[in-house]
Structure formats: C-alpha cells, structure tokens
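Student: What follows is a structure written as structure tokens; I'll ask about it next.
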Amino acid sequence: MTGTQPVLETSFSDLRLMRRGKVRDVYEVDDEHLLIVATDRISAFDCVLPTPISRKGEVLTALSRFWFEKLGHIVPNHLVTTEIALMPEVIRQHDETLRGRSMLVRRTEVFPIECVVRGYITGSGWKDYLRTGEVCGHQLPEGLSESKQLPEPIFTPSTKAEEGHDENISEARMSEILGEEVTKILHDISLRVYQEASEYARTCGIIIADTKFEFGRDKDNRIILIDEVLTPDPSRFWPADTYEVGKSQPSFDKQYVR
C-alpha cells in the first residue's frame, strides 16, 4: 500500500501520458498495453474537486480487481495485473507511487457508449419518472416510490463525453452507432453482470442500485469489459440494513459529495 499523502497527479519522464481523466491517469506502456493509475482526485458533476480523498485510488483499484476476477466467467476483461512486481521495469521503478493504485491492461478499441444498468429508481431516473413515467425510454409501472426496486433491471445506454455531460440515448440510437449485433451483446452482458454482482453484494449487506460498464474490442476481436468496474465512482451502493423505500438512501458512493 502507498502512504497516506494523497496522490493528486502523476507524471513520469519515461512513460508517455496518453490521457488525464477526472480521476485516472492513463499511460502508454507498449503497443499492446496501457497503465491505468487511479489517483485520489474526486469528481462530481464533471468537475474535479479541490479536496482529494487519501487512498481513494487504492480502493478503486482493489474493487475493480476483485470484480474483474469474480465476473471473468461471464465476460473477459482487459486486466493483466495489479501487481507492480509483475509489470515491466519501466513501471516497477516507480513502485512507491504506483503500488496499490495501478492496473496494467490490454489495449482495446473502446466502444463510445456507456452501458448503464439501473435496478432501482433513484437519482435522475427518479426525476424523469416523476415527469414522464419513463426512465430513458423505458415505460415503468405507475405508483413507484423513490428508491423502489424495479420489476427487472433496465439497460439505459449513454454516450461517452470526453468533456461535459454524457447524454442518455435509446437502444435504437445505440444500434445506429454500434450495430444491432454489438448492441444486443452489450445489452445482455451488462444485465447479466449487474444481476450476478447485485446478488453477491446483497449477501454482503450492500445494494447496488445502479452502475455503468464500459467495453472494448481487443486485438483478437473479442468484446471485453474495460475501465473500472463496480466501484463507488460509477455506481450507487446502499447499505441494505437501512434500506427503506420512499426516500433517498444513505450511500457508500460519492452521492454525498454531489
């Protein structure tokens, strides 16, 4: 584990920075691999806040590693290793900074869609439902209360915005972008992964209200799960023991920051 001083930003003269996201710094390792470094930055509503959370990046990395391994029988993923000792020398020499917060991953051709799955009605989905009776084009039963579990999880894709807000889109629009076959594959995988993860989390006293997944195509033309998975940044986690329909829920994610 790294120290208690928060890591706000990384920079290495011998690694080329490809992209600095709101939370992650992504470096080019070679033609087939990238290094994803989870910093301690925290963002809300597309803004990086001035106060970091020490070791947040370590938590994100550990959770992603856990879920990639647990869900690997459903869909392959881009993770090679989180162990610095197993990474190339150019990475190992920065062990003190990178340990615990870094993933060596396979490069992919990233699909420009975020695959959102909602199991409960909350957040923007709740606001849409109050206004229209729908959530992202899904007509829902009348009389639902805030935070109610939906009859079945729903798939609500959105665009991936490099800057600004993502935009919710219909599956029909997603099919226009990616094609019907890929859209169906991503739809089915997303719902299956969410269902299995939710069932496991519930045995640990956690409700996964919603989450988003990202996918890419690797050099062998396989569709694989990429980025982070089922962490507090793209997910809503509620404690099951205090869950009560009809109100907003306490959470283990960044909703309190919002």
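The values are calculated or read from the model by the stated rules, or taken from the named source; none is laboratory data. Nothing here was measured: the structure is a model prediction, and the numbers come from that model. All Cβ positions, glycine included, derive from the backbone under ideal geometry; neighbour counts span all protein chains shown. The protein model used for the area step is the full one, side chains on, heavy atoms only, and it has no ligands, DNA or RNA in it. Shrake-Rupley method; radii C 1.70, N 1.55, O 1.52, S 1.80 Å.
Student: Run Leu130 past the list (1) out of contact with any helix residue (DSSP H, G or I) (no Cβ under 8 Å at 6 or more places or on another chain); (2) among the aliphatic types (A, V, I, L, M); (3) modelled with pLDDT under 95 and report the number of the one that doesn't hold.
Tutor: Among (1) out of contact with any helix residue (DSSP H, G or I) (no Cβ under 8 Å at 6 or more places or on another chain); (2) among the aliphatic types (A, V, I, L, M); (3) modelled with pLDDT under 95, the lone unmet condition for Leu130 is (3).
Student: Would you check which residues across region 202-246 are open to solvent by 30 Å² or more (accessible area, probe 1.4 Å) and aromatic (Phe, Trp, Tyr) and list them?
Tutor: Within region 202-246, Tyr243 is the sole residue that qualifies.
Student: Starting from region 47-66, take each residue that is of a type outside the set (D, E, K, R) and list its partners that are open to solvent by less than 20 Å² (accessible area, probe 1.4 Å) and not in a loop (DSSP other than H, G, I, E, B), counting only C-beta distances under 6 angstrom and pairs at least six apart or across chains.
Tutor: Note: pairs meeting the criteria are Gly57/Ala38; Leu60/Ala38; Thr61/Ala38.
Student: Please indicate, with yes or no, whether at least one residue in region 151-162 is buried (at least 18 other Cβ atoms within 10 Å of the Cβ), closer than 28 Å to Gly21 by Cα and in contact with a helix residue (DSSP H, G or I) (Cβ under 7 Å, 6 or more places away or on another chain).
Tutor: So far as region 151-162 goes, yes, one or more of its residues are buried (at least 18 other Cβ atoms within 10 Å of the Cβ), closer than 28 Å to Gly21 by Cα and in contact with a helix residue (DSSP H, G or I) (Cβ under 7 Å, 6 or more places away or on another chain).
Student: Please tell me if Gly119 is within 21 Å of the chain's Cα centre (by Cα), within 24 Å of Glu196 (Cα to Cα) and either at pLDDT below 95 or β-branched (Val, Ile, Thr) (or both).
Tutor: Taking the combined requirement at face value, the residue does not satisfy it.
Student: Of the conditions (1) touching a strand residue (DSSP E or B) at 6+ places or on another chain (Cβ under 8 Å); (2) modelled with pLDDT of 95 or more; (3) open to solvent by 80 Å² or more (accessible area, probe 1.4 Å), His73 satisfies every one except a single condition; which number is it?
Tutor: All conditions are met except number (1).
Student: A further question follows. Find the residue count for region 133-145, including only residues that are surrounded by fewer than 18 Cβ atoms within 10 Å (Cβ to Cβ) and over 25 Å from Leu186 (Cβ atoms).
Tutor: Here the count works out to 5.
Student: Just name the residue that is modelled with the highest pLDDT out of those in region 22-70 that are polar (S, T, N, Q) and not in a helix (DSSP H, G or I).
Tutor: Thr39
Student: Still on this structure, I have one more. If I filter region 187-194 for residues that are over 16 Å from Gly72 (Cβ atoms) and assigned to a loop (DSSP other than H, G, I, E, B), do I get at least one hit? Spell out how you get there, then give the answer.
Tutor: Just the residues of region 187-194 that are over 16 Å from Gly72 (Cβ atoms), to begin with: 187-188, 191.
With the extra rule that they be assigned to a loop (DSSP other than H, G, I, E, B), the set shrinks to none.
Among the residues of region 187-194, not one is over 16 Å from Gly72 (Cβ atoms) and assigned to a loop (DSSP other than H, G, I, E, B), which makes the answer no.
Student: Considering only residues that are touching a residue at least 40 places away in the same chain (Cβ under 8 Å), outside any helix (DSSP H, G or I) and among the β-branched types (Val, Ile, Thr), look in region 85-125 and name the one that is most open to solvent (accessible area, probe 1.4 Å).
Tutor: Val110
Student: Another question, if that's okay. Take Lys184 and tell me if it is out of contact with any helix residue (DSSP H, G or I) (no Cβ under 8 Å at 6 or more places or on another chain), closer than 27 Å to Leu17 by Cβ and surrounded by fewer than 19 Cβ atoms within 10 Å (Cβ to Cβ).
Tutor: Against the criterion (out of contact with any helix residue (DSSP H, G or I) (no Cβ under 8 Å at 6 or more places or on another chain), closer than 27 Å to Leu17 by Cβ and surrounded by fewer than 19 Cβ atoms within 10 Å (Cβ to Cβ)), Lys184 does not qualify.
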